[in-house]
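Chemist: Pasting a structure here, questions to come.
The values are calculated or read from the model by the stated rules, or taken from the named source; none is laboratory data. Since the model is a prediction, treat every value here as computed from it, not as a measurement. Neighbour counts run over all protein chains shown; Cβ positions are idealised from the backbone, glycine included. Protein only, heavy atoms only, side chains kept; ligands, DNA and RNA dropped before computing areas. Shrake-Rupley method; radii C 1.70, N 1.55, O 1.52, S 1.80 Å.
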Amino acid sequence: MNSPTTSNRLYGMMQFLLAHYANHQVPEAAAERGVVDQQDALDAVLSLAGFLDANTQAGRIPANDGEHMASMLMVIREYIRPLPVGEVEREGAAVDGVTPDLREMVDALRTVRDETDMRG
């Protein structure tokens, strides 16, 4: 799919961002590169989701960790393109259960960000 060198460089970029995050630093973003479009981002999210699900189902990732990571991916997916309606039964009626779940996840992210001043 891609060369080891490409993966290694992008993995290194992830480590660079994590190190800055841990030190409460936000590195300056580059100018728009014009390389990744919306569909590329959607494909990447689903590729990662599939890998995550396979490894969670196989027991290589603890279920709670897999659920949390998948929830974070759905926050990303919602930003790129709104998720489908996820109907749940409440008080005898079918309602969208995705909106309150997203709100809960985003509220938690914002709380951590406000308490720690750590920004990705």
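Chemist: Can you give me the Kirkwood hydrodynamic radius for the chain, using every pair of distinct Cα atoms, in Å to one decimal?
Modeler: Mean inverse Cα-Cα distance, inverted, gives 17.0 Å.
Chemist: Here is a follow-up. Full-extension gain between residue 107 and residue 83, please, as 0.36 nm times their residue separation minus the C-alpha to C-alpha distance. Intermediate results must be reported in sequence, preceding the final value.
Modeler: Numbers: separation 24, 0.36 × 24 = 8.64 nm, distance 1.78 nm.
Using 0.36 nm per residue and subtracting the Cα-Cα distance, I get 6.9 nm.
Chemist: Once the Cβ-Cβ distance between residue 33 and residue 94 is put in as r, and R0 is 35 Å, what FRET efficiency do you end up with, to the nearest 0.05?
Modeler: Working: r = 42 Å, r/R0 = 1.21.
Efficiency, rounded to the nearest 0.05: 0.25.
Chemist: Counting only protein heavy atoms and a 1.4 Å probe, tell me what percentage of the chain's accessible area is made up of carbon and sulfur. Show your work: numbers first, answer last.
Modeler: Values: 5330 of 9530 Å².
Summing carbon and sulfur atoms, their accessible area is 56 percent of the total for the chain.
Chemist: Could you give each residue of region 82-96 its phi-based ³J(HN,Hα) in whole Hz, using Karplus coefficients 6.51, -1.76, 1.60 with θ = phi - 60°, and x for Gly or Pro?
Modeler: So the Karplus estimates, Gly and Pro as x, are x, 5, x, 5, x, 6, 10, 8, 9, 6, x, 10, 7, 10, 6 Hz.
Chemist: Which residues' amide hydrogens lie under 5 Å from the amide hydrogen of residue 61, considering only partners 5 or more residues apart or on another chain, with H built in the peptide plane?
Modeler: It is 56, by chain and number.
Chemist: Taking amide H atoms as placed 1.01 Å from N in the peptide plane, list the residues 5 or more away in sequence, or in a different chain, whose amide H sits under 5 Å from that of residue 97.
Modeler: Residues meeting the amide H criterion: 86, 87, 88.
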